[in-house]
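Trainee: Can you keep this structure in mind? I'll have questions shortly.
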Amino acid sequence: MEAKISEFKNGIFDVEGTLIDNKRFYRWIISKISLGIEPNNSELSLPTAGMPLPRWAKFLHQSQSLTNFVLGAERKILRLLDLIDQKDAKLFEGTKEVLYHFKQKKIRLFATTGGRTQKTILRLKKAGVLELFTLVIGSDLPKREHFKLFAKNLNLPLEDFVKETFLVSDGPVDLTLAARKGIYPIGISTTFKRKYLLKAGAKRVISDLREIVA
């Protein structure tokens, strides 16, 4: 049974691929790579990219040097893709109206991103929606730490915060993390297909952000 969004006090939104239509090439790549990797509801994922890793990746943790190599390579690839990203990337159609709707309903908004925090803040400011967010957190910290900081910002225990919060993301790892913590996960199929997002833990999947308030 789908929950009513109006019943929540907080909303967490992924930025790239959910609010802002950017990193299209990168999103296309990870969607194709992930075709052969089933969401496994585990911690096996690239920490900033939000892409699940196959189960054999657990052996990476047994070699610190190999782990460091993989994480270093990921950071370099993300920086490279950042350079070729669309400089004029805009919000998906209807996004600003949806965010203002939530703000009018007194729902506190948070932004989570695998990109750099300051760059994301500038993007949201340029898009005219930065002031709608209580807090924006990026790749300075692993995604799994973002929820704790959002709760801390409101002076709430994490267990209370998650009960009052929904998350919207195009990334399967975000959805898995949210579901595991008790946050209501909503997938948006701008990068991955509906079936994949449901397997990752989404309770509901939309194709357009405006559907969430319809």
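Trainee: Which number in (1) modelled with pLDDT under 95; (2) more than 24 Å from Leu91 (Cα to Cα) marks the one condition that Lys126 misses?
Mentor: For Lys126, the exception is condition (2).
Yes or no, residue by residue, for (1) surrounded by fewer than 21 Cβ atoms within 10 Å (Cβ to Cβ); (2) free of Cβ contacts under 8 Å to residues at least 40 places away in the same chain; (3) over 14 Å from the mean Cα position of the chain (by Cα); (4) outside any strand (DSSP E or B):
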residue: Glu97; (1), (2), (3), (4): yes, no, yes, yes
residue: His101; (1), (2), (3), (4): yes, no, yes, yes
residue: Lys125; (1), (2), (3), (4): yes, yes, yes, yes
residue: Leu156; (1), (2), (3), (4): yes, yes, yes, yes
residue: Phe166; (1), (2), (3), (4): no, no, no, no
residue: Leu177; (1), (2), (3), (4): no, yes, no, yes
residue: Ile186; (1), (2), (3), (4): no, yes, no, no
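Trainee: So, one more: Those residues that are outside any helix (DSSP H, G or I), surrounded by fewer than 22 Cβ atoms within 10 Å (Cβ to Cβ) and without any contact (Cβ under 8 Å) to a residue 40 or more places away in the chain, I need them from region 194-208; list them, please.
Mentor: Val205, Ile206, Ser207
The values are calculated or read from the model by the stated rules, or taken from the named source; none is laboratory data. Because the structure is a prediction, the values reported are computed rather than measured. Glycine gets a Cβ as well: all are built from the backbone with ideal geometry, and neighbour counts include every protein chain shown.
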